1. Tell me the residue from Gly307, Gly266, Gly291, Gly277 that is in contact with a strand residue (DSSP E or B) (Cβ under 7 Å, 6 or more places away or on another chain), in the same structural domain as Gly335 (by TED's automatic domain parsing) and over 22 Å from Asp341 (Cα atoms), please.
2. Only one residue in Arg62, Arg41 is buried (at least 19 other Cβ atoms within 10 Å of the Cβ) and closer than 23 Å to Ile140 by Cα. Which one?
3. Here are some residues: Met108, Met87. Which one is within 12 Å of Gly266 (Cβ to Cβ) and modelled with pLDDT of 95 or more?
4. Determine the pairs where a residue that is under 16 Å from His51 (Cβ atoms), located within segment 196-209, has a partner that is surrounded by fewer than 20 Cβ atoms within 10 Å (Cβ to Cβ) and among the basic types (Lys, Arg) with Cβ atoms under 7 Å apart, the partner being 6 or more residues away or on another chain.
5. When segment 266-301 is examined, which residues are found to be among the charged types (D, E, K, R) and assigned to a loop (DSSP other than H, G, I, E, B)?
6. Consider Asp35 against the criteria (1) within 21 Å of Glu215 (Cα to Cα); (2) in contact (Cβ under 8 Å) with a residue 40 or more places away in the chain: it satisfies all of them except one. Which criterion is unmet?
7. Given the conditions (1) surrounded by fewer than 14 Cβ atoms within 10 Å (Cβ to Cβ); (2) free of Cβ contacts under 8 Å to residues at least 60 places away in the same chain; (3) outside any loop (DSSP other than H, G, I, E, B), which single one is not true for Glu134?
8. Residues that are surrounded by fewer than 21 Cβ atoms within 10 Å (Cβ to Cβ), in contact with a Leu (Cβ under 9 Å, 6 or more places away or on another chain) and assigned to a loop (DSSP other than H, G, I, E, B): does segment 152-175 have at least one?
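The values are calculated or read from the model by the stated rules, or taken from the named source; none is laboratory data. This structure is a prediction, so every number in the text was calculated from the model and none was measured. With ideal geometry, Cβ positions are generated from the backbone for all residues, glycine too; neighbour counts draw on all protein chains shown.
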Amino acid sequence: MLKKTSFYQFHIKNNGKIVPFAGYQMPVQFKGVIDEIKKVRKTVGVFDVSHMGEIIVKGERRKKFVDYITTNSVLSLQPNQVQYSTMLYENGGIVDDLLVYNLKNEIMLVVNASNTEKDFEWIMKNRWKDVVVENISDNISQLAIQGPVAERVVGKLTDYPLSDMPFYYSAETKVCGIDMVISRTGYTGEDGFELYFYNENAEKVWNEVFKAGEEFGIEPIGLAARDTLRLEMRYMLYGNDIDQNTTPVEAGIGWCVKMDKGDFIGKEALIKQKTEGLKRKLVSFEMIDKGIPRHNYKIFVEGKEVGTVTSGNYSPSVEKYIGLGYVETPFTKIGQEIDIDIRGMKKALIVKPPFYKNGTHK
């Protein structure tokens, strides 16, 4: 049985095209994918991301525990700071990529929708006795307000000084007169805020956000536009670019692995991989020939199969066909020409990410 978010009736009212996604009925698009991408890049759009999972960790040793089950340095976090990280299996494969919120009395882990149950089970399996872990996902609604004028929209709804909030920081404050967690984060590469609040407040928050954004032509944005926006920034999509068979080092997100901190799950496997040398890396490429590089398409160099596409699409922001894929290490240099089998060989070029470089976040 597919779940519905608290905003389902608004998606229907706005002519959202509903599809099954991560156990939910979610809007894949409203007006049209390209228009929605341009709306977020130029002004502001609103994403219903209530399908994402929220797991709360409490207890005096919560920071040390989360430091142990994730790869980034939780102990270095400032109050209210947010951190991108990964959780690993012992073999270095990725359980999930996630956000770690260092809130006043607890840590909130924001995990991928399709992984929420699996992540919660993994955390409970490794839980320390003096730490309390709770999955509150079903009680929480989440909106992402993204785009260059996002601060002007959200600023109408709160007394909190948003201009003082740096990128990847949060606050436990009132928005629309409702207690919530708000953070300067997002999955688009633009400035923006993510709002976490209880389901019973969903209708009020939605209506007030859209009223505040009316002068900027604010619109709801679907999952398809979200996927291309994140691809343009080379942000990872779990299940495509990373999974249990990939490590953060191969994926090029080794910056969120702090090898010099204390012990963490998967550390030994990563040390071994680094010592032996990487056999493959995730590369960014632009198509020279026209064609959409789809997930699982094969990558070749001079007729030899050297890799696989993980994500690809047309990017309206740079007006090119772009993609990501794992390629054998000798063929991963910037400027390397590759061929992708898109119903016949099509040429592409490995480039330096991100594809889109005009993001305005602080």
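1. Gly266
2. Testing whether each residue is buried (at least 19 other Cβ atoms within 10 Å of the Cβ) and closer than 23 Å to Ile140 by Cα leaves just Arg62.
3. Met87
4. If the second residue must be surrounded by fewer than 20 Cβ atoms within 10 Å (Cβ to Cβ) and among the basic types (Lys, Arg), no pairs are left.
5. Within segment 266-301, Lys279, Asp289, Lys290, Arg294 meet the criteria.
6. Result: Asp35 passes all but (2).
7. Unmet condition: (2).
8. Yes - at least one qualifying residue is present in segment 152-175.
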